[in-house]
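See structure below.
The values are calculated or read from the model by the stated rules, or taken from the named source; none is laboratory data. All of these numbers come straight from a predicted model, not from anything done at the bench. Cβ coordinates were reconstructed from backbone atoms using ideal geometry, including for glycine residues, and neighbour counts include every protein chain displayed. Only protein heavy atoms, including side chains, enter the accessible area calculation; ligands, DNA and RNA are left aside. Shrake-Rupley method; radii C 1.70, N 1.55, O 1.52, S 1.80 Å.
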Amino acid sequence: MVALAENSKKRLSIQVAQIAPETTTIRSLDWDRDRFDIEFGLQNGTTYNSFIIRGEQTALIDTSHEKFRLNFLETLKNQIDPAQIDYLIISHTEPDHSGLVKDVLQLAPDITVVGSKVAIQFLEDLVHQPFRRQVVKNGDRLNLGKNHELEFIIAPNLHWPDTIFTYDHKTQILYTCDAFGLHYCSDATFDEDLEAISPDFQFYYECLMAPNARSVLSAMKRMDELGKISMIATGHGPLLYHNIEELTGRYRRWSQSQTKAETTVGVFYVSGYGSSDRLVGAIVNGIVKTGTAVELVDLRSTDLQQLQEIVGRCSGIVVGTPPAGSTFAQTNLSAILGAVKQKQAVGIFETGGGDDEPIDPLLNKFQDLGLTPAFPPIRIKQEPAENTYKLCEEAGTDIGQWVTRDKSIKAMKSLDADLDKALGRLSGGLYIITAKKGEVKSAMLASWVSQASFKPLGVSIAVAKDRAIESLMQVGDKFVLNVLEEGNYQSLMKHFLKRFPPGADRFEGIRTQDAENGAPILADALAYMECEAIARMDCGDHWVVYSNVYAGRVSKPDALTAVHHRKVGNHY
Ligand SMILES: Cc1cc2nc3c(=O)[nH]c(=O)nc-3n(C[C@H](O)[C@H](O)[C@H](O)COP(=O)(O)O)c2cc1C
């Protein structure tokens, strides 16, 4: 049974479907959402999925985003008298699933909220009212009657520190909330179209789960002990039913290869404090782009021994300064300072606009212990804007590149000399790619550019995976390809090859005008083309971005394109 209540203006709708005996999903369909915290480049909207299980007692698993307040609560009341709900199971406290917990508690004050210890603590800060609670641990069970025996798995960091999974032994449905999800909005309740959902499934994994690959593998180990899983009821996108083995297999493979990365950066922060989660997400994205693994540690829910072990095995550490005066802050910082080793790289960010531990004395202490700052301290005084997230991502890339620099140099030198020279005979033109997405602008010098199609007109550009501009060249993004002129390219080339600090304005001192798509056209370029990224192919250390070209102009008809001749193939 599927019912749709459409709100055509905002393109928010609700889908209700029975998915198993006594089990209903209420899916809040957010068709147009185009940005989701740290997951840049959301193309296909998203959904927030909630579930009702009716045994002799009734449980509601998760709620919805607050933008669905009217639609969701109305639909819930049509399904069940809220006073009849006995348990509200909180998979984790992120606002897109827990945004309406306070409203549900108002409708049903006697409800018992079920969650991990950390989730219940977070909820206290969120709802500011007393509520009944049941803290669950790994393996705890809750019998709703009619054989709906629920078993809980503690799955920290997937992707919030307080995450739990819930398994219903009767229906064999595993409710995983963010894990195995994807930002993909369609009328399909299930995952029948594997090809359509695969890119978003992978993108979501890379943004949210890859930084916690070890935690993914531990949670999957616990899932293996549950017995048969007939459906994975995720919190975002279609529920997994047709392709469970394939999609969980991908999670396992991707996580195994992540944990095999030789180099790790530890990121230590306090979750839920200020905007730290999203900033951390952006830093982590930047690190992961360099092929470096990340260990994410919430200082509020870690023990000292574990903390020191992680610090000890990392090549670099990033610390978000905790709130000043908090009881755990000093102890945790001392533990980190006690475990660091000379030659590790360090980066520090603050989020609280003045209420954090002071940033400079802390950085000095790390430097005195022999650590090298990999990026300038990030000070965030105001509400973060898009540029702030980009700055954090670039800072993450800087520390990732720092800790992997020896490996990168070794890989470049390892090429057979003859092959290296032969490859060096491949040459290309010289171009500056410029892009603007929201408020964020970026640019890079490129020579691995080639026309790739006549009809429709298309070009391919190889973009290193750790390039700053890479996150502005996702499928659907628009950018400009500026062609440099023979004999007149040196100053532009020199400018764009500078090592820009994180968040720097790369166009300072450069004459530009805006293209139709918003990206800067360089006034001194010989020609430009407006492009839209259509597909990205994973090619080792580069993405080949295939793009349609839909507009363009030559400003100097008689001039020639700058050509880049090389001697060796292991450099551009
Ligand atoms: C001649 C030349 C050609 C280059 N071509 C490419 C290219 O096609 N793709 C790419 O990803 N980087 C290329 N690069 C590297 C980037 O231009 C440059 O190092 C980069 O902008 C700096 O990294 P960032 O933008 O991530 O800070 C080239 C560099 C040179 C010197």
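Numbers at a glance
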| quantity | calculated |
| --- | --- |
| Residues (over 27 Å from N387 (Cα atoms), open to solvent by less than 60 Å² (accessible area, probe 1.4 Å) and either assigned to a strand (DSSP E or B) or more than 10 Å from the ligand (Cβ to nearest atom) (or both)) located in the range 424-439 | G424, G428, G429 |
| Flag if E383 is of a type outside the set (V, I, T), open to solvent by 30 Å² or more (accessible area, probe 1.4 Å), within 30 Å of S491 (Cα to Cα) and away from the ligand (no atom under 15 Å from the Cβ) | no |
| Residue within the range 512-532 that is open to solvent by 40 Å² or more (accessible area, probe 1.4 Å) and on the phi > 0 side of the Ramachandran plot present | no |
| Among the residues listed as L445, L522, the single one being within 12 Å of the ligand (Cβ to nearest atom) and touching a helix residue (DSSP H, G or I) at 6+ places or on another chain (Cβ under 8 Å) | L445 |
| Members of the range 537-551 that are open to solvent by 50 Å² or more (accessible area, probe 1.4 Å) and either more than 15 Å from A446 (Cβ to Cβ) or more than 30 Å from the chain's Cα centre (by Cα) (or both) | M537, D538, G540, Y550 |
| Among (1) crowded, with 18+ Cβ neighbours inside 10 Å; (2) more than 9 Å from the ligand (Cβ to nearest atom) - the single one S450 does not satisfy | (1) |
| Residue within the range 367-389 that is without any contact (Cβ under 8 Å) to a residue 24 or more places away in the chain, out of contact with any helix residue (DSSP H, G or I) (no Cβ under 8 Å at 6 or more places or on another chain) and not hydroxyl-bearing (S, T, Y) present | yes |
| Given (1) surrounded by fewer than 19 Cβ atoms within 10 Å (Cβ to Cβ); (2) in contact with a Phe, Trp or Tyr (Cβ under 8 Å, 6 or more places away or on another chain), number of the condition E195 does not satisfy | (2) |
| Index of the failed condition, W160 passing every other in (1) touching a strand residue (DSSP E or B) at 6+ places or on another chain (Cβ under 8 Å); (2) within 15 Å of A119 (Cβ to Cβ) | (1) |
| Per-region count, the range 327-343, residues more than 22 Å from A293 (Cα to Cα), open to solvent by 30 Å² or more (accessible area, probe 1.4 Å) and at pLDDT below 95 | 5 |
| Unmet criterion (only one of (1) outside any loop (DSSP other than H, G, I, E, B); (2) open to solvent by less than 10 Å² (accessible area, probe 1.4 Å); (3) within 20 Å of Q79 (Cβ to Cβ)) for D103 | (2) |
| Number of positions in the range 493-548 that are hydrophobic (A, V, I, L, M, F, W, C) and within 26 Å of T290 (Cα to Cα) | 16 |
| Among (1) within 13 Å of the ligand (Cβ to nearest atom); (2) in contact with a strand residue (DSSP E or B) (Cβ under 9 Å, 6 or more places away or on another chain), the one test that K498 misses | (2) |
| Of all residues in the range 134-181 being within 23 Å of the chain's Cα centre (by Cα) and aromatic (F, W, Y), the one that is surrounded by the fewest Cβ atoms within 10 Å (Cβ to Cβ) | F165 |
| Selected residue (only one of L123, L70 is surrounded by fewer than 17 Cβ atoms within 10 Å (Cβ to Cβ) and not small (G, A, S)) | L70 |
| Selection from the range 449-476 of residues that are under 25 Å from the mean Cα position of the chain (by Cα) and more than 17 Å from E394 (Cβ to Cβ) | I461, A462, V475, G476 |
| Check on P376, open to solvent by 50 Å² or more (accessible area, probe 1.4 Å), at pLDDT 95 or above, out of contact with any Leu (no Cβ under 9 Å at 6 or more places or on another chain) and away from the ligand (no atom under 16 Å from the Cβ) | no |
| Helices (runs of 4 or more DSSP H) enclosed by the range 227-338 - at least 2 residues per element that are more than 30 Å from Q43 (Cβ to Cβ) and hydrophobic (A, V, I, L, M, F, W, C) | 304-313 |
| Pair list, Cβ < 9 Å and 6+ apart or interchain, from the range 221-238 residues that are assigned by TED's automatic domain parsing to the domain that holds H97 and at positive phi to residues that are surrounded by 12 or more Cβ atoms within 10 Å (Cβ to Cβ) and part of a strand (DSSP E or B) | G227/Y167; G237/T46; G237/T47; G237/N49 |
| Answer residue from the range 471-485, given it is on the phi < 0 side of the Ramachandran plot and more than 14 Å from the ligand (Cβ to nearest atom) and is least open to solvent (accessible area, probe 1.4 Å) among those | V480 |
